[in-house]
Structure formats: structure tokens, C-alpha cells
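The values are calculated or read from the model by the stated rules, or taken from the named source; none is laboratory data. The shown structure was predicted, so the numbers you read here are calculated from the model rather than taken from an experiment. Neighbour counts run over all protein chains shown; Cβ positions are idealised from the backbone, glycine included.
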Amino acid sequence: MTDEPLLQIRNLTKTFTVGKGQELVAVSNVSLDLREGETLGLVGESGSGKTTLGRVVLRLTEPDTGTVRFEGIDLLALAGEPMRRMRSKMQIVYQDPMLGFNPRMRVRDIISEPLRLHETLSRTELQKRVMEVLELADLDPRVLSERPGAIRKAEQQQVAIARAIATGPRFIVLDEPTGLLDLSVSIHIIGILRRLQEEQKIAYIFISHDLSAVRAISHRLAIMYLGQLVETGPIEDVFARPTHPYSEALLSSVLLPDPKTTRQRLRLSGEIPSPINLPPGCPLAPRCPLVEERCTGGPPPLVAIRGNGESGQPSWWSTCFPLSDNEENLDNWYAIMQEHESTETEELRAAIAAARTENEG
Amino acid sequence: MVTETPDATPAGSTASGEILRVSDLTLHHLVEDRLVIDGAFMSVDSGEVLGVMGESGSGKSALLFGIIRLLLREVEQRSGRIAYRGEDLMAKSNRQMEQLRGLEMAMIVPGGKFSLNPVETAGSQIVDVLRSHFPDRSKKDLADEAIEILRIIGIPDPDIRFRAYPHELSGGMAQRILIAKAMACSPQLLLGDEFTVGLDVTIQAQVMDHFHALLRERNTSLILTTSDLGIAATYCDTIAVIRRGQIVEYAPVLDFFANPQHSYSRLLLSAAREARAQQKMDEARVDVERDTSQDRRFVHEDLPAPPDLYTLVAPGHLVRLEDE
Amino acid sequence: MRKFLLRRFAFLIPQLFVVSFLAFLLIKLLPGDPVLIILGPLRTQEGVIRETKRLGLDKPFFVQYGRYVERTVQGDFGNSIVTKQPVIEELGRRVPATLWLITLGLVACVVIGIGVGYVAALAPPTGWGTWLNKSIIGYGFLAGALPDFWVGLILVFIFFATLGILPAPIGQLPGYIPSLLPDGPTNIDLLDTLIKGDFGQAGTAFRASIMPVVTLAIVYAPVVLKITAVTTTEVFNSQYVTGARAVGVRRRTITRYIMRNALLPIVTTSGVLYAFLLGGAVLVETVFSWGGFGQYTVDAVNALDFNVIQGMMLVAAVFTIVVYLLIDIIHYFVDPRIRVSTVGSS
Amino acid sequence: MTTTTWPAVRVRVPRLSASAIWAGMRRQKLLTIALGILAVMIFLAAVGPIIAPHDPESVLRETLLDEQGQPILNSQGDPRTQLVNLRAPSGTYWFGTDEKALDVFSRTISAPRVDLVIAIASTIIGLGAGSVIGLVAGYAAGRGRLVGSLAEVLTRFMDIIQAFPVFIVALALVAVIGSGQDKVIYVLSFLFTPIFFRYVRAETLLVRELTFVEAERAVGNPTRRIMFNHILPNSVTTATVQGSAVMGYAILLTAGLSFVGAGVAPPTPEWGAMIRSGVELMQSGQWWTSVFPGITLGLTVFSLAVIGESIRVRWRGSGLRGY
């Protein structure tokens, strides 16, 4: 890996105006790096802005402020034809491949279209390139003459991948590529993606809310909540000991397919607020059990986490006021968080019973 | 209200706490000409949570609608006996069923705001449920009770939500309103049809934890359809696996996860286990062994399943014979 | 609420301007010089110049338009070239008769459409329900394919020429020459005779209105019927009705849910139909010599009576705009989603 | 874990093949009948005037003369009254003759050449114009700046045209540009443009937000290619499906205009103009002059409506809006 990251995202903000005077901050002051051949897992719930971030990076949506440098070039300064040319180096794959295909095109046209747009090839050359791409995506040539609706879901996603890699891109935004697939199929697709990455040194931004899929492919993890990046770091470190209360709540909310074990769960309260006209401060403040007064005052500080042990890397960041006090003593911080975790629904039950007797009395 | 029909509760039944007993339920889709449900059976005790697991199209929704007797017009019931607290539901008129629904058993439908009447407030829809069963009570009285129900369901600012229209609610909030509608008249049996699908994980955990606690507190039974092994493992007492309209395995939850017998169940579980093992999922996390000794055990010794099709592999654990 | 209504009413003004402009423009495009038409063949050169000046036709286009708007706002639509009468007076006499006809027609369509449509939607999928639904579909296709004027003629042949049980298709009050027609406050013969207490004539007028109204009902009821059947079915099968039934909401309330939700598309469709009938009535009026707005229009077009054409275009457009305004207001009161336009304000 | 509970908006192209059509025909008798009627009408439009037993546009001398070749006189001794010209349907004049001594059958089967041509031509012109304007207006809508405002003005203008009752505008336009087959085509094309415009604009607004449009941009398609190669083919579906119904509507409008003397004038054979003679004759019981053209017209419009509905049903659920 070179020192200069392949993709350098700095202070990116994207606001949508909805209705009169209502602002939806989809992406708020996000900075991230993506290195060659690396996968960044981007997770978050609805309204977190993860998909918007992916689209802004590809300039499918124009950001308000911030910079995106790709191979040292300021992407946001490009316009018209140079930008269109640049698209051969960056691609996107969607959750539902069918939605990404023009419904009137056959697989052959779908895969060859980017080649036609970016390269001047003879018929035979084009045919040859298409076959190469097919093989890379592990697809049977018989699908070429099919309509995408006629082939299996997994094959559709492979066609989408084939189209994305046709022009030899440097990075691909994968927007929940396994979201609609059964578990076994999803493992197959992730296998293809990993192989491609090894062979072609392609970098991925893997957007998903399926934490197990993210974990299977990513090198680093970035967790977003209501437009803000709350925590980013090496994947195993974050999974093992998340430092942000939201990360902890999100990871512990995943239900285990095992009736014998249960989870200490950091309990959030209330709903995910509407992302419109958010108050200043930490977006988690209204739901966070560890909330303090300063949390609603302004943007939370960026805290560098020095992980313990071998995997401790300086590239681990978290944004939280109370955490910043415990920066030097993470164990103390984990203990604080654990105090607010529970496994049983006893307390809930007690609260309900209390509400009932209070009502009757 | 409850009348003992000797026919419906066979002598020698050990299920003293049994609230629902379904046997040989077969539903036929007239237009598609296929069996949506093929000889389904179940037994649910008071306070029990039965998880019906299956893929989309397996017929698990139809099973719930069959039990509550709200079938599509294209679907006809070929056979089946449904006994609720010993009462034969098949012998009831439509009017009687309308009375029973909501008061004795109710269904939680999925879909959030799309399952709420768009032109009326959330509160008035809960009042509608209450008024349908208590027509004599005053409007004010019913409204107060509706707000109280919202509070119990765990909805913050119930007064405000009461006046909100569905389109003003978030998905999680709308889903809680649907739960509130189903629980408004405190029915003893709830039928939940994948009602957390589409909710974000942290919201799903919040809703399910609270809802589950409420069920336990009220000793209410629940039949829950799901395709999520996590939900099944975390919240259900008993599991029924359904495939192509047939129940292929029926077992207490610990037994099921420890010892799945049918090849289809094994397939379901192995995919999840493989994923978990392969990804070394969460070894470092603070997962704890659950104290299963505190669990209530629901072991149905007398499931109304045809013995020529099912084998008993353990107490309360039935497996359908496989064709090949 | 006041804000919505104000906004909606404010929108009327530019609409009316554009409509008046189009009506004006259209007449400007008419072939032939209106001055020559007015003066007829026995004209003098000076007469032509004088008349051109008097009508302001020597002024620039937009000045003429300004004059036109000014006159129109004051209720001056000019005089008819054929009858030399002020257009506004003639419209005042004829429009009520047409409105009466299409209102009765619409009421018939709505009553039949909603009634039958509702029954069809909730009918069982077997037996008489299938039969009813199939006949409705067939009838819908058939009625939509038949010209209303032809259906009117068939009714005339059956009920007047053959059976002789309904009066001849010669106006609102058959057997009266136009100059003897009752001159009442409404300009609708049936109502005027009733107001005067002449029940004999009122009976004739009533019998004369049967065929035209039935014609409209036969041809246009399927429009309302179809939308009623479709939306009622949709709402009945909707997740929220299923959901309400699954928690035991009683039938009365379910019916209310269905009605309130199916209401909007039905209201919209009926409103569009109402606006359409004003144009469609032209033909039915011709068949029955109704003497309303429609026939007036036809005569004016055939005679290139430009002031009348302009006037009737305005009346027709204003009528449509008002109907659409009413639809919007009903929507506003029935559908809370319009009232709260903010996104995610929970 | 799942993300979307609700089916996403999706365009799917139904596939038509000969065997599928044949299987459909056996299942859908109504559609088969409709296609049959339409085929007959198209055939008549091609050869109607040629195979007609009598000249559809010239007076039948023989109806004016008796067997001896003498003029037939009425009681006033006048040979040319309308009532004498009228002959009830017979073996010679299958649908009878009208008051101008023209053969109703010959005219009825010759009329498709007028009515069907008007319907097809005006629908195609309206569809073409409406699609292109609708595509541009829909694609530019809400984009801000000048294009967005222009699109908005265009849309408002189309709305206002539609505020006038169609038949009244048609009458007024005919008054402006005159009558005749070609003029009726122009008028109807003008009236249909806003109809198709609305459909295409509405679809374009939906289609342009679909993921695949973004995907086409992401692989580097230039804007014009996105509009015409990717959006247009997917946003004309509803409009095209409506085409059949609009054609039926065109026939009704043509007939209506001619019925009040503002469309195609006699002696050109046209159904609406033929029905007109019934205004007087129906009262005196001579039904045949308007009943036969009315039935033929009705059958044509009926077949177009049935065909349109079948196409619509085929598209339903797979169509963009899934209605």
C-alpha cells in the first residue's frame, strides 16, 4: 500500500432541502480514507446517510462542502466530459441488481455498455472483452442472450458485478450487494468479490446493515448514525470492543441464532429521530443512556482510540463526549458502558407492572 | 363465554393450560389450485410463544389468517379443527368471530404505517377497536384507555401520538401502534405476522424486548411467524418449521436448536451456524450463557399430528417423515 | 386550513388569465374579418373603417387583449353577430338548462355507479358475484364504445317513435313554441313551471327530461361504477382494512374505513366526469333540441359567431376550473396527508 | 435481516411470443373477438369503397325510378323528397338507403377509411409530440434554473388546455381551421398531445428517479443518451398502452364533430355524419340510417377498448405504477 490513499474524503457534507426551510443533513462532515485494495465496511440504520455518502463519493449526487480526491485528482472540480471519462475508474453495484438494469436491455448489452462508452473496440474485441469479464465474474456465457429478469438472483448480482468491473475500475461502491440474497448465495457473492479484490487490487466501499456480511469482507469498519460518522477503525477491533455507545448498541442488537446464549444489550430508548432539522450536538443524545449535558451542546469530539494488543492501530476513531474523558483508560470506559447493559427483560417487566399499578391506584 | 365442548378437548388431555389447539388444518387456494396449508397442527399454552419459521411463500401468513378465520376470498378451508379454549371456532358464525377477534385473539399485522388507515389518527383507530367490543362506554373513557394502552406499549408522548396521523409516524412507531391495536382489549392469544420485518435492528430490539416483557407480564400467548433465526432463538418457546404448507418439524426451542431432525431444519440452521462459525462471530463480545433453568417449559406431549406422517423423536418434538 | 384555501384560490387568478388569453387568441386566429361579418355584404369603405375603430381592431394585439379582459370582467361579452343580442344574456338563458341536464345526468351516474360498484366490489367471487362482475365489465366496455348521441337516438326510436310513451325530443317543454316558454327565475323549464305552480307543464317537462338524463346515465355511469368497484376492492383488500378486521374492528367501522378511503378517487372521477359532460352534452342536446348551451355552441361555430365562441369557451373553462377547485377542497377535508405537507414531522 | 418490506418500483418488459399470444387467445375470448373486429375494420379501411356494392358517395338513380323507369312521385307530385329516397333494408340495399338516396351499407363499410385513418393518424401524431415534449418537461422538471422553469410553464400550459372541455375546444378549433378529414386529424392531434404529454411526463418523473438511470450515469452515459435511450423507452409505456383507448376516443370525437356538422361533411362516408340523419328520421321510425353506422362504430370502439384493456392488464403489476 502506498502512503497516499486511493480515495481521500474530507469534511464531506450533503444537505437535502425538503419542504420549506427544512433541511435534511444526510451526510455531515464525514472524513474517510480508502486505500488501494482495501474494503471499508460502512454500516448504519435507515437515515444514517451511508447510501448518500456512497453516491456523493461517485458524484452521483453533488455534495455541499468537502473534498473527494481520487488518485490525487479533485473529483468535485471535474465537470462534463472529464468527469464522464473518470467514471470508467469508479463503479457502483446496487442491492437489487434488477433495479440497476435498464429493463429493456439484455445481459449482453448491459455488460458491454460501459465498454462501448469508454473504449473504441471492434466487434470481435468487444466480444472478447465481454467473455473475459464474464469469466472474472464467474458467469456462464449462456446468460448473455437472456433478459436479466430470466436469470437467478445471484446471477443477476454477478451480472451487475461484471458490468462494474468491465472497464477496470480502481474502486467500487457496493451498496448492500447481498441484502436480498439468501445466506448461502450471499457467501458465494462475497467470495467472488474477495477474489476480484485480490486479483485486481480493487478497493471497495461495502455499504450494508448486515453486520455478518460486512465482517466477512471488510478490513475496516465505519459506523454512521444520522449522517455522522460515529466510529471508524479496524474491523476486528471495533467488533470486539466498540467504543461508541451507538456502535455498542447496534452490535449488541443483532439477535443470535442460539437460544442458549444471550447478549448484554446496551439499551437505547425512543425512536431514531427524523433526520430533518436535527438539533446540534451528538445525534444519539436523545436515545443514549450515557447522555450528559454537554452532549447536546455541540459536535462531539473526535477521540483517537489506541487499541490494546497487536491490532492496536492509530486509525481507530470514535466521537463521544463521555468517551473523551476516558481516553486514557478504556477499561474504565467499557465498565461504564457495561453498567448500562442488561440481558434480561426483567426491568422492562417491572417497569410495565409499575405503570399498571400506578394507573390502577 | 367459554363453554367446554367435550369433543374439542379430548379426555386425557394433559394440556390444562392449553389455549389453542389446531388439527389437520388444510387451506386450498382456488385460483392457483394448490394447498396453501396442508394438514397443519399446533397446540399453544397460556403464555407460550410459538415461532412458526419458514421462507416467504411457505404459507406461514396463511396459517395465521386461517386460525383467526380471515381467509382471502380465493382461499377455502378443506378441513381442520380449531379449538380456542375448548371452543370450536369452526362452529362459530361470522358475527361471533368478529366478537372474538380483538377480545380473545388478535393479529399483529406487519407493514407499519401502510397497515394503518391513512385518513384517521392513530388514537381513533385504537378507539375503534375498543368501541367495537365495548360499544356502551363513553368516548372520553375510550380515548383515555387508548392513551393508557399507548403508554403501556412503550410509546413516548402517548398524548401526542394519539392525535398523529399514520403518515406522521416513523416505521417503528407505526408498528407499535399496530401492536397496541392488537393488545387493546387484552386478548389472551396474539398472532404476529413477521411484524418486525423492515425495522432497524436497534428499533427491532427495543420493540421486541418490550413486547416480550409485556407478554410475559400478562401471560399472553403468541404465535409468531418469522424467517429470522435470531428472533426465533431469542423470543420463542416452541418452534414449528413450515415448508410448502406443511409443518416439517415441531419442537421446544432448546431441543430444536440443539437437535434439528428434519433435513430442511438442518439446512436452515447450518447456514446460520456456518456463517457464525466462519466469521468467528463475536467471540470477544460479552455474550453470556442464558439461565435456561428459569425458562417456562412448554412440552406438548399430545400434539394432534397424524402418527403415520410424524415421528416423535423427543418429548414434544415431532418430525415429519421425509419422502426420499 | 385558511392558508390552503387562500393558496388554492390565489392559483385561480393566473389560471383565469391564461384561459381568457387562450380564448382571445383562438378568436384572433379565426379566419375572416369580424368587421366584414358584422357589416354584411352591404358595407361601405367608411363603415368598415369606422367599425374597425369602434371595435378597437386597429390597436396592437395586447391592447386589444387588455380591452377584452376589461370588458369581460365587467360582464360584457359583446353581442352575437347572428342574433345581435348581448352574449352574456344569451348565455344566462341557456347555460342553466345545460347545467340542469348534466347535473341530473351526473347524479344518476353517481347513484348508479356507487351503488352497483359497491355491491360488485363486495360480491362473492362465485355465483352471482362473478355474473354481476362480468356483466359490469361487458357493459362498461359497451357503454364506453357507444356515442351518447346514438344512444339518445335509439331511445327516441324506442320510447317515442315505437312505444310512444315519452314525449318527442323537441326541447325541455315539448309542444310549446319558444316564445311561449315560461320565463322564470331559473331559466330551467322544469323548475320554472314548478315555481309557477303549473304542475301539468312541469309533468311534461319532467317526462321530456327522462330520455336525455337516461342517455347520459347509460353512457357515463360505467365511469363512476368502474372506479367505485376498483377502489372499493382495493381498499377492502388493503393492509389496513385486513389489519383492522384482524383485531376485531366491527363491520360498521370497517364500512366507514372503506367509504372514507374510496371516496377520494370516486369524487375525483365524478368531478372530471362533470366537467366532461359539459362538452359531451353538446351532442345529447342536439338530439333532444334541448336549447341549452351545447346547441348554442354548435350554432355559433357553424356561423363563426366569434363573440359567442369566445364567451362559451370562457364559460366552459371557468366551469371546469371551479369543478377542479371543489375536488381539491374535498380532498383537503378528507385526506389528512394533504393537510400536513411536512415530511416526517413526527 | 431485510431492508425493504415494500416492493420497489420496477419496470419489467412483458415478453410476447406467438405461442403465448395463441394461448392467450384461447383463454381470452373477448380479446379474440375484439382483434377480429379490428382486423375486419382495418381490412375495410383498405378496400371498403372498392368492395362496396354501390358507390358510397353518389345518388342511386334506381331508387328514384320505378320499374318502368319513371320517376317515383310523392303525393305532391314531387320526385325528390327525402322520404321517397328512403328504402328500408332489403336484399338489394342490405342496410337500406338514406334520405339522400345513398346506400347505407356501402357507406357504412367505406367509413373506416375516414374514421380509422383519422383515429390512427391523430393518435400517432399526438403520441409522438406528447412523448417528446413530456420527456423533456419531465426530465427538466425541478432542475432549477431556466430549463426547470420552462418545463414548469409548459406543464401549466398543457394543464390549462385540458381545462377546456375537449369537445368544445374541438368545435372551436374546427371553426378556426375548417373542416375535412385532414383538419380533423390536426385538431385531434392537438387535443391528444396534452393527454400523452401528461402520461409521459408523469412516467418520466418516476423513471428518472429509478436506480437504473443513476446506474447508467454511473457507467458514463452522456445526458442525451440517458434521456432518449434509457428513459424514453421506459416512460412511454403507459402512454402507448393508452393509445388504443385514445384511438377509440378519436373515433367518437370525429363522429361527434361530424354529427353536429363540424367534422367530415357528406357525401364523404363517415359514421357520425350518417347517424345525424337519424335526428329527424328516428322520430318517424326510419331507424336504419343511423342504427347500422352506430353499431359499426360501436363495435370498432369496443374492440379498441377491449384490446387496450388487455394490454393494460398484461402490463399491470409489471408496469411502473402497478395499477
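Which members of region A:168-184 meet the condition of being modelled with pLDDT of 80 or more and of a type in the set (A, V, I, L, M, F, W, C)?
First pass over region A:168-184, keeping only residues modelled with pLDDT of 80 or more: A:168-178.
Those that are modelled with pLDDT of 80 or more and of a type in the set (A, V, I, L, M, F, W, C): A:Phe171, A:Ile172, A:Val173, A:Leu174.
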Out of all the residues in region C:222-234, which are buried (at least 23 other Cβ atoms within 10 Å of the Cβ) and either of a type in the set (A, V, I, L, M) or touching a strand residue (DSSP E or B) at 6+ places or on another chain (Cβ under 7 Å) (or both)? C:Val224, C:Leu225, C:Ala229
Failed item, numbered, when D:Phe157 is tested on (1) on the phi > 0 side of the Ramachandran plot; (2) within 14 Å of chain C (Cβ to nearest Cβ): (1)
If only one of A:Leu196, A:Leu256 is more than 14 Å from chain B (Cβ to nearest Cβ) and among the hydrophobic types (A, V, I, L, M, F, W, C), which one is it? A:Leu196
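Just one of C:Val111, C:Val73, C:Val63 is within 17 Å of C:Leu273 (Cα to Cα), free of Cβ contacts under 8 Å to residues at least 40 places away in the same chain and not aromatic (Phe, Trp, Tyr); which is it?
Details: C:Val73 fails: within 17 Å of C:Leu273 (Cα to Cα); C:Val63 fails: within 17 Å of C:Leu273 (Cα to Cα).
Answer to the check: C:Val111.
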Residue count, region A:226-253 (criterion: surrounded by fewer than 20 Cβ atoms within 10 Å (Cβ to Cβ) and either facing chain B (nearest Cβ under 7 Å) or more than 29 Å from A:Lys14 (Cα to Cα) (or both)): 2
Please go through region A:178-213 and give me each residue that is farther than 23 Å from A:Arg152 by Cα and touching a Ser or Thr at 6+ places or on another chain (Cβ under 6 Å), ordered by number. A:Tyr204
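Just to be sure before I move on: is B:Leu63 at pLDDT below 90 and not in a strand (DSSP E or B) in the structure I sent? Steps first, answer last, please.
On the way: at pLDDT below 90: no; not in a strand (DSSP E or B): yes.
Here the answer is no, as B:Leu63 does not meet what is asked.
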Starting from residues that are on the phi > 0 side of the Ramachandran plot and in a loop (DSSP other than H, G, I, E, B), keep the ones in region A:57-95 and report whichever is surrounded by the most Cβ atoms within 10 Å (Cβ to Cβ). A:Arg59
Scanning region C:235-263 residue by residue, those more than 9 Å from chain B (Cβ to nearest Cβ) and either in contact with a strand residue (DSSP E or B) (Cβ under 8 Å, 6 or more places away or on another chain) or polar (S, T, N, Q) (or both) turn out to be C:Thr255
Cβ pairs under 6 Å, 6+ apart or interchain, first in region A:266-277 and facing chain C (nearest Cβ under 9 Å), second outside any loop (DSSP other than H, G, I, E, B), ordered by first then second residue, are A:Glu271/B:Gly172; A:Glu271/B:Met173; A:Pro275/A:Leu24; A:Ile276/A:Leu24
Scanning region B:202-240 for residues that are among the charged types (D, E, K, R) and either farther than 16 Å from B:Ile153 by Cβ or in contact with a His (Cβ under 7 Å, 6 or more places away or on another chain) (or both), which turns out nearest to the other protein chains (Cβ to nearest Cβ)? B:Asp228
Does any residue of region B:136-148 turn out to be surrounded by fewer than 21 Cβ atoms within 10 Å (Cβ to Cβ) and small (Gly, Ala, Ser)? yes
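Confirm whether B:Ala180 is touching a residue at least 12 places away in the same chain (Cβ under 8 Å) and in contact with a Phe, Trp or Tyr (Cβ under 9 Å, 6 or more places away or on another chain).
Numbers: touching a residue at least 12 places away in the same chain (Cβ under 8 Å): yes; in contact with a Phe, Trp or Tyr (Cβ under 9 Å, 6 or more places away or on another chain): no.
Taking the combined requirement at face value, the residue does not satisfy it.
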Quick check on my filter: what residues within region D:215-228 are outside any loop (DSSP other than H, G, I, E, B) and more than 22 Å from A:Asp96 (Cα to Cα)? D:Thr223, D:Arg224, D:Arg225, D:Met227, D:Phe228
I want to confirm something. Restricting to region C:1-18 and keeping residues that are exposed (fewer than 11 other Cβ atoms within 10 Å of the Cβ) and either small (Gly, Ala, Ser) or modelled with pLDDT of 80 or more (or both), which single residue is farthest from C:Val69 (Cα to Cα)? C:Leu6
Tell me, please, whether a residue that is more than 13 Å from every other protein chain (Cβ to nearest Cβ) and assigned to a strand (DSSP E or B) can be found in region B:87-106. yes
Checking A:Leu42 against (1) more than 10 Å from every other protein chain (Cβ to nearest Cβ); (2) at pLDDT below 90, which test does it fail? (2)
For D:Thr289, are the conditions met, namely being among the polar types (S, T, N, Q) and more than 18 Å from D:Gly138 (Cβ to Cβ)? yes
What is the one condition in (1) small (Gly, Ala, Ser); (2) assigned to a strand (DSSP E or B); (3) at pLDDT below 90 that A:Ala222 does not satisfy? (3)
So, in region B:149-183, of the ones that are in contact with a Gly (Cβ under 7 Å, 6 or more places away or on another chain) and not in a helix (DSSP H, G or I), which residue ends up farthest from the other protein chains (Cβ to nearest Cβ)? B:Arg163
Part of a helix (DSSP H, G or I), crowded, with 23+ Cβ neighbours inside 10 Å and not acidic (Asp, Glu), is that true of D:Thr123? yes
Which of the residues spanning region C:136-162 are more than 9 Å from every other protein chain (Cβ to nearest Cβ) and out of contact with any helix residue (DSSP H, G or I) (no Cβ under 9 Å at 6 or more places or on another chain)? C:Ile158
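Is it the case, given these coordinates, that A:Gln127 is crowded, with 17+ Cβ neighbours inside 10 Å and either outside any loop (DSSP other than H, G, I, E, B) or within 14 Å of another protein chain (Cβ to nearest Cβ) (or both)? Show your work before the answer.
Details: crowded, with 17+ Cβ neighbours inside 10 Å: no; either outside any loop (DSSP other than H, G, I, E, B) or within 14 Å of another protein chain (Cβ to nearest Cβ) (or both): yes.
It is false that A:Gln127 is crowded, with 17+ Cβ neighbours inside 10 Å and either outside any loop (DSSP other than H, G, I, E, B) or within 14 Å of another protein chain (Cβ to nearest Cβ) (or both).
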Restricting attention to region D:259-305, the residues that are in contact (Cβ under 8 Å) with a residue 60 or more places away in the chain, within 20 Å of the chain's Cα centre (by Cα), in a helix (DSSP H, G or I) and more than 20 Å from D:Pro49 (Cβ to Cβ) number exactly 4
D:Thr204 among the polar types (S, T, N, Q), touching a helix residue (DSSP H, G or I) at 6+ places or on another chain (Cβ under 6 Å) and away from chain A (no Cβ under 12 Å): yes
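Go through B:Ile179, B:Ile239, B:Ile203, B:Ile223 for me and flag whichever is touching a helix residue (DSSP H, G or I) at 6+ places or on another chain (Cβ under 7 Å) and assigned by TED's automatic domain parsing to the domain that holds B:Ile155.
B:Ile179
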Determine which single condition A:Gly281 fails, assuming it passes every other condition in (1) modelled with pLDDT under 85; (2) more than 7 Å from chain B (Cβ to nearest Cβ); (3) surrounded by fewer than 22 Cβ atoms within 10 Å (Cβ to Cβ). (1)
